1. Which residue, of 100, 77, 127, is within 16 Å of the ligand (Cβ to nearest atom), modelled with pLDDT under 65 and surrounded by 12 or more Cβ atoms within 10 Å (Cβ to Cβ)?
2. Can you pull out every residue in the stretch 160-184 that is assigned to a loop (DSSP other than H, G, I, E, B), within 13 Å of the ligand (Cβ to nearest atom) and over 16 Å from residue 247 (Cβ atoms)?
3. Exactly one condition in (1) modelled with pLDDT of 95 or more; (2) within 13 Å of the ligand (Cβ to nearest atom) is not met by residue 144; state its number.
4. Looking at this structure, is residue 388 loosely packed, with under 12 Cβ neighbours inside 10 Å and free of Cβ contacts under 8 Å to residues at least 60 places away in the same chain?
5. Residues in the stretch 147-168 that are within 26 Å of the chain's Cα centre (by Cα), modelled with pLDDT of 95 or more and surrounded by fewer than 19 Cβ atoms within 10 Å (Cβ to Cβ): how many?
6. Condition check: out of contact with any helix residue (DSSP H, G or I) (no Cβ under 7 Å at 6 or more places or on another chain), more than 10 Å from the ligand (Cβ to nearest atom) and modelled with pLDDT of 95 or more. Does residue 118 satisfy that?
7. Considering each residue of the stretch 391-409, count those that are under 11 Å from residue 336 (Cα atoms) and crowded, with 16+ Cβ neighbours inside 10 Å, and give that number.
8. Just to be sure I understand the filter: pairs with C-beta atoms under 9 Å, separated by 6 or more residues or on different chains, first member in the stretch 1-27 and over 15 Å from residue 129 (Cα atoms) and free of Cβ contacts under 8 Å to residues at least 24 places away in the same chain, second member part of a helix (DSSP H, G or I) and more than 11 Å from the ligand (Cβ to nearest atom). Which pairs pass?
Ligand code: CTP
């Protein structure tokens, strides 16, 4: 339908980006579910047509009224969103107008037609993402491969289109790693050199300081980090980011050294053991462990720059003091009730962050608290005390605390023990 609408207007429509890459990589015997489809329109020759993408999306919405239309920017792109069934999730179709200078030539000139889509594709990140399939006739179905994308798909290489790619957009460093690990591709040698050069030149820090678009850059970096850290292949991607020293983009002092790698592995054990239902955002906990590896004075700023939620920023801000308190108080604790008194003031994320950074004896106590002590309840609760004739108030609360402490320390094992404990 989209190509019919484009054809009717004398425009060309192309399927571009990830969908083309994934179609070419897909096993022909398997069904490929695309949830994100990018299309580009070009081939028009009136300046009024620069809003072609939006016009096409609106025309499509008339045909598919169930789709939601979103227009971004005045002319640039429009998206149609279908909420499909819960299994298939949703389908996004982005329709953009070819990003090129407007040219005053007739669309019939094939060289000019090609150059417009070519320029659009040339602005993209990697050769494997700069392929297009023409959807309109003549030559519908033709693959446009101006930059050797097909060769790189076959030889499994992530290659940029030009030397400045990472300087123009440092988040592409993270995208390169993401695609390499996800697809099992190699970073092409020269591309890896460009990455290292961009990182060595401090591009990221400079982009943040000098650039009025710094918040947008941080938002995109966070999105890439989230994408990577929640993917099944996150460990491999993090390892490659570490090898490239790309964690510098978070803070110039951040390195994936052996200690941090060990902490990341400990975190996984903690998350598996203490949060099997995934009530915490595991990708965010991974990011917090990276940030917690920085000197305490840098942590809140990096967390804020990455627009982490307030509770996460606060946790990282407090972590230093909380760690010091635990390190100082826990070694002196002998009884489970004392350990519980120290640790129960902290939420699970804080305890996990402290545990992964602590020496083994402290870590063991936190582990013991989380696996055992935190789940112990006295045999009598508040309602039982009321039934026994005690009145709620400050003393009542103290009684419950004492009951819990005695239960934790093994002095109370059952209800009868608890009642005689109260009688004393
Ligand atoms: N793109 C880019 N530079 C970026 C982000 C995106 O050049 N920093 C281009 C790429 O050509 C990409 C297209 O925009 O193919 C769409 O971006 P996105 O949806 O993020 O990537 P996909 O390739 O569709 O990847 P995925 O399958 O992971 O969604």
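The values are calculated or read from the model by the stated rules, or taken from the named source; none is laboratory data. What you see is a predicted model; the values in this text were computed from it and never measured. Neighbour counts run over all protein chains shown; Cβ positions are idealised from the backbone, glycine included.
1. Only one candidate passes the filter, namely 100.
2. Residues satisfying the conditions are 161, 162, 164, 169.
3. Status for residue 144: all satisfied but (2).
4. Values: loosely packed, with under 12 Cβ neighbours inside 10 Å: yes; free of Cβ contacts under 8 Å to residues at least 60 places away in the same chain: yes.
So residue 388 passes the test.
5. 1
6. Here the answer is no, as residue 118 does not meet what is asked.
7. Pass one, the stretch 391-409, residues under 11 Å from residue 336 (Cα atoms): 404-409.
Restricting the remaining residues to those that are crowded, with 16+ Cβ neighbours inside 10 Å gives 404-408.
Total meeting the criteria: 5.
8. Between residues of the stretch 1-27 that are over 15 Å from residue 129 (Cα atoms) and free of Cβ contacts under 8 Å to residues at least 24 places away in the same chain and residues that are part of a helix (DSSP H, G or I) and more than 11 Å from the ligand (Cβ to nearest atom), the close pairs are 8/59.
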